[in-house]
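Colleague: Let me begin by handing over the structure; questions about it come next.
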């Protein structure tokens with residue numbers, strides 16, 4: 001177990017063999033955060049990676065002498081030649097009391113101990129305000145929509161009804177060439193929709 005002292009808080013990395021014990025303390029706060037991250041990994045999927053003891057998946061707790069006030073799951077991976085640490089999940093109570101003192105020390109630890117050159121946070125929108133005060137900027141925009149899987153009428157097969165069109169397949173190269181020629185002379189209105197005629 002690794003402990004970083006950031007008085008009055010301690011930041012504790014939980015070893016793989018103690019993940020289940022630690023989760024008893026923080027599962028409700030982590031689960032609440034996961035609910036805001038539809039389309040990402042489930043908490044159970046993350047916990048499996050933590051239990052496997054992968055060096056690049058770590059569970060950290062933020063504790064005071066009285067209680068556990070926060071938790072995060074950290075991953076590390078090489079991206080574009082840099083070692084990037086990602087807070088896959090960040091949850092807690094009374095964050096304004098611990099995020100400021102903790103973030104700088106933890107970043108120094110990651111840079112010094114592992115050579116991390118960049119950190120990222122995946123979390124609900126509310127964290128953006130707190131992290132902006134410490135130099136974090138939005139770098140990506142992710143939006144999501146839940147899709148309903150429907151079955152074709154009269155079947156139990158999901159999907160849409162797609163029938164092969166031998167004429168289209170046979171004439172496709174010449175149709176694309178025609179569209180390219182029309183686009184070159186400014187007649188883009190033909191578009192790819194003509195392919196389906």
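The values are calculated or read from the model by the stated rules, or taken from the named source; none is laboratory data. Predicted model, so just to flag it, every value in this text is computed and none were measured. Ideal geometry is used to build each Cβ from the backbone, glycine not excepted, and the neighbour counts take in all protein chains shown.
Colleague: List, please: which pairs have Cβ atoms under 6 Å, are six or more places apart or on different chains, and start with a residue in the range 6-27 that is under 16 Å from residue 51 (Cα atoms) and end with one that is at pLDDT 90 or above and assigned to a helix (DSSP H, G or I)?
Modeller: That search, which allows pairs on different chains as well, returns 14/22.
Colleague: Could you tell me whether residue 137 is part of a helix (DSSP H, G or I) and either surrounded by fewer than 16 Cβ atoms within 10 Å (Cβ to Cβ) or in contact with a strand residue (DSSP E or B) (Cβ under 9 Å, 6 or more places away or on another chain) (or both)? Before you say what the answer is, go through the steps one by one.
Modeller: Numbers: part of a helix (DSSP H, G or I): no; either surrounded by fewer than 16 Cβ atoms within 10 Å (Cβ to Cβ) or in contact with a strand residue (DSSP E or B) (Cβ under 9 Å, 6 or more places away or on another chain) (or both): yes.
Taking the combined requirement at face value, the residue does not satisfy it.
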